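Encoded as structure tokens, the structure appears first; notes follow it.
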Amino acid sequence: MNTLLSLTAIILVSFGTSFKESREATINAVTQDVQAVYAEAQVYEAYTSKMIRNKIERTEGKHIMDVGEAMQKAIDAGCKYVVLQPTHMMYGLEYNEMKELASPYVSSFDKVVYGEPLLAENDDISTVLKAVVPSLNAGKKEAIVFMGHGTEYFSNFLYAAMDYQAKAEGYNNVFVGTVEAYPDVETVIKSVKKSGYKNVILTPLMLVAGDHANNDMAGDDEDSWKNEFKRAGFKNVNCVVKGLGEYAGVRKLYIEHIKDALDDLNETEDND
């Protein structure tokens, strides 16, 4: 028996989604994989979006904890240690909010550590590309366009960096854009056109395939990415409405980040 693990709560923190099918295939799938690997630990899910938590409770009668409730549950379970593992893409506003929401409870534990977001390092980008790109089965003349959310936080540069890194690693047909920041859809369309591609696969660079993936990317509204690309003259525009959490290789990366956080706990205990 791993004594440290048995006294540890692993709290998986997501923004959340009200799209039940995607939630089960992504957020819940990550939780199940984490629970399978760390069976001795207490594993909890928490959503930072109050609007989504309320909608799920109203439409499904299911209560999902916020970060504070999950921390309190860990206290009630007698846990001495907590790993707060975000499912967010990057260090940003949501990551900061997670830490702020947890801060009133930190003093109740011997140690609280924070796992890295999905795309914390260059190696993480490589891992996600390897996990996702081959399964999309793009043709030689078909571009793959990842649609990220985008943020006003300075870490938004990661999307352009991922685009650059993809090409540096030989994924010449991979392009990355965002819904709410830069690179925007117009910028991505110009890049794809300049590279000579006539056909496009659109897919979300998000844990879940929720509102943005179903509507902003693949929806029938005039300003959806699907229709923007069609209007720009691309012959075939296919949408793969599949959240990153559906890929086993991506879920494994979350587990690796949790392992790194647990290693930090072990080092702390060894040094005490």
Filter the cross-link list LYS198/LYS230; LYS130/LYS235; LYS55/LYS242; LYS50/LYS80; LYS80/LYS252 down to pairs whose alpha-carbon distance in this structure exceeds 18 Å. LYS130/LYS235; LYS55/LYS242; LYS50/LYS80; LYS80/LYS252
State to the nearest 20 debye the size of the charge dipole of segment 15-153 about its Cα centre, where the only charges are +1 on K and R beta carbons and -1 on D and E beta carbons. 340
Cβ-Cβ FRET estimate between ASP260 and ASN54, R0 fixed at 41 Å, reported to 0.05: 0.75
Compute the acute angle (0 to 90°) between the alpha-carbon long axis of helix 157-168 and the principal axis of greatest extent of the alpha-carbon atoms of the chain; round to the nearest 10°. 60
Do any GluC sites (Glu not before Pro) in segment 65-171 lie in a loop, going by DSSP, with at most 16 other beta-carbon atoms within 10 Å of their beta carbon, and if so which? GLU121, GLU152, GLU169
Expected vector for segment 30-35, Karplus 3J(HN,Hα) from phi with 6.51, -1.76, 1.60 and θ = phi - 60°, integer Hz, x for Gly and Pro, equals 4, 4, 4, 5, 5, 5
Residue by residue, what Karplus-based ³J(HN,Hα) values in Hz, rounded to whole numbers, does segment 104-109 have, using 6.51, -1.76 and 1.60 with θ = phi - 60° and x for Gly and Pro? x, 9, 4, 5, 7, 10
In whole Å, what is the distance between the alpha-carbon centres of segment 1-71 and segment 193-216? 27
Counting only C-alpha contacts under 8 Å and six or more residues apart, can you give the relative contact order of segment 43-85 as a whole percent? 36
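Just the ratio, please: alpha-carbon radius of gyration of segment 1-149 over 2.2 N^0.38 Å, N its number of residues.
Against the empirical 2.2 N^0.38 Å value, I get 1.15 for segment 1-149.
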Once you have the Cα-Cα distance between GLU152 and ASN172, take 0.36 nm times their residue separation minus that, and quote the gain in nm to one decimal. 4.5 nm
Residue-averaged 222 nm ellipticity for the chain, from DSSP H runs of 4+ at -39500 (n - 2.57), nearest 500: -12500 deg cm²/dmol
Please list, in order along segment 15-28, the HN-Hα scalar couplings obtained from phi with the Karplus expression 6.51 cos²θ - 1.76 cosθ + 1.60 (θ = phi - 60°), rounded to whole Hz, x for Gly and Pro. 5, x, 8, 8, 7, 4, 4, 5, 4, 5, 7, 10, 4, 5
Shape box of segment 180-262 [Cα atoms, principal axes, largest first, Å]: 49, 26, 23
Relative contact order for segment 1-135 using alpha-carbon pairs under 8 Å, separation at least 6, rounded to a whole percent? 27
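At a Förster radius of 41 Å, what calculated FRET efficiency corresponds to the Cβ-Cβ distance of LYS194 and SER107, to the nearest 0.05?
0.15
Any read-out appearing in this document is the output of simple, stated calculations on the displayed coordinates, not a laboratory observation. This structure is a prediction, so every number in the text was calculated from the model and none was measured. Positions of Cβ are generated from backbone atoms using ideal geometry, with glycine treated the same way; all protein chains shown enter the neighbour counts.
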